[in-house]
Structure formats: C-alpha cells, structure tokens
Amino acid sequence: MRSLIIILFLLSSSASFSRPISYVGGHTLMANSGSLANSIYWHYTPNINYSVGLDYQRDKVSNEYFPSARFTYLINRKNTARSQRNLYLKTGIGLNNSDNHFYSLAGDWETRRLFTSFSARRSSGVGYDMFEQSVKVGVAPYLGDYGDLHTWLMVETKKSDLDDERITYPVLRFFKGGALVEISYHKKTDWDLHLMYRF
C-alpha cells in the first residue's frame with residue numbers, strides 16, 4: 001500500500017513540473033542542435049541518485065566528431081507540496097580523445113507556474129578550454145493536468161569566456177507525457193533545438 005501511495009504521488013505531481021521526469025529504470029533519448037555542438041544523447045537511470053549515458057556529438061568549435069561517456073549525479077533534491085528543487089553534478093569524457101571532456105554544476109527550482117534554473121560548465125576540446133554560465137527563468141501561461149500539453153515561456157541568458165559576451169533570448173518549451181520540445185533563437189547563435197523523450 002505504501003508503494004502504491006508513493007507511485008500515485010509521483011504520477012500526480014509530475015503535472016507540476018516543467019519537463020518529463022526521470023525515474024529508476026527509465027531511459028532518456030535526447031537530440032540537441034546549438035551554436036557550439038550538435039549531439040545525440042541517451043542515458044539510463046539505474047538509481048534515484050545518478051544516471052549513466054553515451055552521446056555522439058559534433059563539436060562546432062573544433063569541428064570534431066566524437067563519442068562520450070557521461071555521468072550525472074543528483075547532489076540534492078527537495079520536494080514540497082508546491083515545488084521541487086534539484087542540484088546536479090554532470091560530467092562527460094570523450095571515448096576516443098580525453099581532451100574532449102566537461103563537468104558542470106546545474107540546478108533548478110520549479111512550481112506549477114514558475115521555473116528557474118542555472119548551469120556553470122567547464123568544457124574542453126582540441127585546442128580550447130571554455131567556461132560557460134547560464135540562467136533560465138520561465139512561466140507557464142496556463143496550468144495543465146497530467147497528460148495535457150504543457151507550454152512554458154522562458155528567457156535564457158548565457159555568457160562564455162570564448163567570446164566574453166552575454167546573450168539573452170526567448171525560449172519556448174512544450175511537453176506532453178514523456179516527450180519534450182524546446183526551441184530558441186538569437187541572431188548571434190541562430191536556432192537552438194532540444195528534443196527529449198523519456199521511456
């Protein structure tokens with residue numbers, strides 16, 4: 001009975017979140033196209049505290065193609081009746097060249113209506129070393145039920161020491177069930193597209 005109550009709570013509360021949630025034994029498939037890289041990424045969550053995965057990417061800075069092993073660790077999570085907070089350590093290393101690697105600290109806090117997140121990431125590739133920081137804030141224009149199409153209007157701001165220039169741009173996020181689409185545009189970086197499916 002206790003397990004059933006926990007499962008029902010997780011299912012009912014997932015409507016509160018701004019994205020599909022991962023679960024133990026679950027898989028996630030992502031495709032990203034941005035100004036610095038294009039990638040396809042899969043990860044598996046064997047434990048509530050971490051996930052492991054593989055990605056294949058084209059690094060647009062070095063123009064290299066390479067596979068990477070990735071690891072994400074949940075440092076802290078706080079659930080309340082109205083919100084959720086997460087803090088993650090993420091890292092990855094190239095499988096054919098250890099010069100391609102990254103590590104980052106990322107966090108988010110959200111309610112059914114509001115979303116905020118941050119990321120601080122150090123990335124290295126052949127011929128460069130870069131630190132990037134970003135902050136994202138968002139609002140849901142309507143509150144959907146579990147299984148509905150959810151929409152988020154967001155603004156993201158980023159700065160990297162590659163060019164030492166801050167850029168700020170709008171982001172649209174849509175998700176339904178295990179599927180998510182996020183799209184943004186800035187004249188400097190052109191279009192960014194993020195696709196995700198959890199199963």
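Counting only DSSP H runs of at least 4 residues, each contributing -39500 (n - 2.57), and dividing by the residue count of the chain, the helix-based mean residue ellipticity at 222 nm comes to -2000 deg cm²/dmol. To the nearest 10 degrees, how steep is helix 2-13 against the longest Cα principal axis of the chain, on a 0 to 90 scale? Long axis of 2-13 versus the principal axis of the chain: about 60 degrees. With 0.36 nm allotted per residue and the present C-alpha distance subtracted, the Val155-Arg122 stretch has 9.7 nm of extension available.
Among Lys187, Lys78, Lys60, Lys136, the ranking by other beta carbons within 10 Å of each residue's beta carbon, starting with the fewest, stands as Lys187, Lys78, Lys60, Lys136.
Would you mind telling me which residue in Gly53, Gly127, Gly25 has the biggest mean-square fluctuation in a Gaussian network model of the chain, where springs connect alpha carbons within a distance under 10 angstrom? Of Gly53, Gly127, Gly25, the most mobile in the Gaussian network model is Gly127. Measuring between alpha carbons in the structure, the pairs from Lys159/Lys187; Lys90/Lys187; Lys60/Lys176 lying more than 27 angstrom apart are Lys90/Lys187; Lys60/Lys176. Here the spin labels are modelled as points 7 Å beyond Cα on the Cα-Cβ line, and at Trp109 and Ile48 they lie 2.2 nm apart.
Calculated on the alpha-carbon coordinates, the convex hull of the range 2-198 measures out at 108 cubic angstrom per residue.
The mean sequence distance of close C-alpha pairs (under 8 Å, at least 6 residues apart), as a share of the length of the range 61-199, puts its relative contact order at 13 percent.
Read the figures in this text as sums done on the coordinates, not as results from a lab. Everything numeric here is computed off the predicted structure, so don't read it as measured data. Cβ atoms come from the backbone with ideal geometry, glycine included; neighbour counts cover every protein chain shown.
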